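See below for the structure under consideration.
The values are calculated or read from the model by the stated rules, or taken from the named source; none is laboratory data. Bear in mind the structure is a predicted one, so any value in this text is a computation, not a measurement. In this analysis, Cβ positions are derived from the backbone assuming ideal geometry, glycine residues included, and neighbour counts consider all displayed protein chains. Accessible surface is based on the protein model in full, side chains and every heavy atom, while ligands, DNA and RNA are left aside. Shrake-Rupley method; radii C 1.70, N 1.55, O 1.52, S 1.80 Å.
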Amino acid sequence: MNKSWTLLGERPVPPAPSWTYVVLAFLLAAETFLELEAQYPLYMSIAVIAGGAFASYSAVKHKAIFGLAVFPVSLIWLNPILGGDWFLSINPIMFLSHSVMALLFALVAYTYLARERKPK
């Protein structure tokens, strides 16, 4: 039987969060308030883009409509890789992109990428 697409996809009952995406959300939230002097960390850009790509891939697999937006938003992190300076000072672009991506990763962690909680 074909499952239909839903806004947040299928969730296991009882759910347990995907700790990978919880940690990514925490790191992005922490980066929101750091003012960098030289260069934005390459590992953060790679982690955000890879995490966004996997989240959108999994969204198709789990038929979660909102998850399709995660990868396009993560492409903002190409700016520091390509030599841009959007993330070197605290400005609206940095603040909004980091906070929105942290919220998207947190939502991913608790919805369609949540795992089934093991019974005690």
- line: Within region 80-98, of all residues that are part of a helix (DSSP H, G or I) and open to solvent by less than 30 Å² (accessible area, probe 1.4 Å), the one modelled with the lowest pLDDT is Met94
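Results for (1) of a type in the set (A, V, I, L, M, F, W, C); (2) within 30 Å of Lys3 (Cβ to Cβ), shown as yes or no for each residue.
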position	(1), (2)
Ala30	yes, no
Ala55	yes, yes
Ser58	no, yes
Trp86	yes, no
Met101	yes, yes
Leu104	yes, yes
Thr111	no, yes
Glu116	no, yes
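Okay, residues lined up against (1) touching a residue at least 40 places away in the same chain (Cβ under 8 Å); (2) within 9 Å of the chain's Cα centre (by Cα):
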{"residue": "Ser18", "(1), (2)": "yes, no"}
{"residue": "Phe33", "(1), (2)": "yes, no"}
{"residue": "Glu37", "(1), (2)": "yes, no"}
{"residue": "Met44", "(1), (2)": "no, no"}
{"residue": "Ala59", "(1), (2)": "yes, no"}
{"residue": "Gly67", "(1), (2)": "yes, no"}
{"residue": "Phe71", "(1), (2)": "no, yes"}
{"residue": "Leu75", "(1), (2)": "no, no"}
{"residue": "Leu78", "(1), (2)": "no, no"}
- prompt: Which ones in region 37-56 are of a type outside the set (D, E, K, R) and surrounded by fewer than 16 Cβ atoms within 10 Å (Cβ to Cβ)?
  reply: Ala38, Gln39, Pro41, Leu42, Tyr43, Ile46, Ala50, Ala53
query: Taking the stated definitions as given, is Ala59 loosely packed, with under 15 Cβ neighbours inside 10 Å and of a type outside the set (S, T, N, Q)?
result: no
